[in-house]
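Student: Got a structure here, written out as structure tokens. Questions coming.
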Amino acid sequence: MQHKGTKMLETDRLILRKFRIDDAEQMFHNWASDPEVTKFLTWQPHTNVDFTRMLVAGWIGKYVDSSYYNWVIEHKDAKQVIGNISVVKQDGTVAAAEVGYCMSRAWWGQGIMPEALRAVIRYLIEEVGMNRVVATHDYNNAKSGRVMEKAGMKYEGTLRAAGKNNQGIEDKTYYAILKEDLTKSIRQKYGSRLSDEVILYFMRTILQLQKNGIKNLPLSHSFKGAVKDYLNLAMELLIDGQPAEVAGLIFDAEYDVILQREKLTPEIAVVLHLIRELSCHIHYDEDYYGYLFMTDNLWGNRVFEYASITFYPNLPEEIKDKYQIRELIQYIPKEMFRLEDD
């Protein structure tokens, strides 16, 4: 590892930078004084801006240490600071870092925190040299887990009564991403025609969810055998509203049943794992388009291209503008249109 400190990072909507003392006012009003923001955290809401200012001053003094990582999240359009994200633990023996974050309630549900988390993950892995980035959340705070999933992190387990926060003793749920996860795309892992068709099926599912909600699911499909059964299970779990963690356990159990029932080819085996990953990642996700278009590090450019092709005629104008779909579509090879939507 080569520590580089809290370097300024930039995304489409955000600037992640070092705190300045004049950030204290907005920090206090936008998130630090809100009990809803701190509900599952370990610190109490701030009662006055002087305390916030003193805390920020202390953080600023630590920036001389190149192993200190603490960013304020500034929204470009709003020109406000709306949250922060930092490394809360490090283990140099295994090149690992644990990240924590919080954000103003006014900005929840817009895909902002996953956007910030992805930027920090990339920086810590690609520039600092971390091999593993971890994040945790109270088991009862599933929304935080979905932030981690959108950022490409994988669920690793839940430790019972392993921590304490403002709600008391908590079950701690762990997510992590490794360097090797960041460098692999879905195309590299699942490159086959059958995988492509499964990806497009989920594209259509997400489009249906965006337009009409959960009604009229599952969508019809022509898959057979184990793939058919696994897809049907995915839709049932989605309709039932199972959390991603619970869905993952059910998927694993069903996979074991399928293995006992029939011998799978390597292609079918990886397609089943693909179905599991895709379905777990869209559970309870309101920002379907943003999820697909902003996680190319996890799903790869191919899915980004498929999404643009499959959705393009149906996309709202603001989505086309937000994700620059008009510019993207002109560079896609015509042969990509071979998998047409039903």
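Student: Any idea which of (1) among the small types (Gly, Ala, Ser); (2) at pLDDT 95 or above; (3) closer than 28 Å to residue 123 by Cβ is the one residue 168 doesn't satisfy?
Tutor: (3)
Student: So, one more: Restricting attention to region 235-255, does a residue exist that is among the hydroxyl-bearing types (Ser, Thr, Tyr), at pLDDT 80 or above, closer than 28 Å to residue 173 by Cβ and over 21 Å from the mean Cα position of the chain (by Cα)?
Tutor: yes
Student: Return yes or no: is residue 264 out of contact with any Leu (no Cβ under 6 Å at 6 or more places or on another chain), farther than 21 Å from residue 142 by Cβ, free of Cβ contacts under 8 Å to residues at least 24 places away in the same chain and not hydroxyl-bearing (Ser, Thr, Tyr)?
Tutor: No.
Student: In the set 33, 66, which member is touching a residue at least 24 places away in the same chain (Cβ under 8 Å) and in contact with a His (Cβ under 9 Å, 6 or more places away or on another chain)?
Tutor: Being touching a residue at least 24 places away in the same chain (Cβ under 8 Å) and in contact with a His (Cβ under 9 Å, 6 or more places away or on another chain) holds for just one of 33, 66, which is 66.
Student: While we're on this one: Can you tell me which residue within region 182-194, out of those that are under 25 Å from residue 130 (Cα atoms) and touching a helix residue (DSSP H, G or I) at 6+ places or on another chain (Cβ under 8 Å), is modelled with the highest pLDDT?
Tutor: The extreme case among them is 182.
Student: Every residue in region 17-30 that is touching a helix residue (DSSP H, G or I) at 6+ places or on another chain (Cβ under 8 Å), touching a residue at least 40 places away in the same chain (Cβ under 8 Å) and over 30 Å from residue 171 (Cβ atoms), please.
Tutor: 18, 19, 20, 23
Student: Please go through region 1-56 and pick out each residue that is of a type in the set (Val, Ile, Thr), in a helix (DSSP H, G or I) and buried (at least 19 other Cβ atoms within 10 Å of the Cβ).
Tutor: Passing the criteria: 52, 56.
Student: OK, next. Of all the residues that make up region 236-267, how many are part of a helix (DSSP H, G or I) and either assigned by TED's automatic domain parsing to the domain that holds residue 158 or of a type in the set (A, V, I, L, M, F, W, C) (or both)?
Tutor: Matching residues across region 236-267 total 13.
Student: Does residue 134 satisfy being β-branched (Val, Ile, Thr), at pLDDT 90 or above and on the phi < 0 side of the Ramachandran plot?
Tutor: yes
Student: Scanning for something part of a loop (DSSP other than H, G, I, E, B), modelled with pLDDT under 95 and either assigned by TED's automatic domain parsing to the domain that holds residue 151 or surrounded by fewer than 17 Cβ atoms within 10 Å (Cβ to Cβ) (or both), does region 61-76 turn up at least one residue?
Tutor: yes
Student: Now, a different point. How many residues does region 134-162 hold that are surrounded by fewer than 16 Cβ atoms within 10 Å (Cβ to Cβ) and more than 16 Å from residue 243 (Cβ to Cβ)?
Tutor: 4
The values are calculated or read from the model by the stated rules, or taken from the named source; none is laboratory data. Fair warning: this is a prediction, and the values are worked out from it, not measured in the lab. Counting neighbours? That spans all protein chains shown, and the Cβs are built from the backbone with ideal geometry, glycine included.
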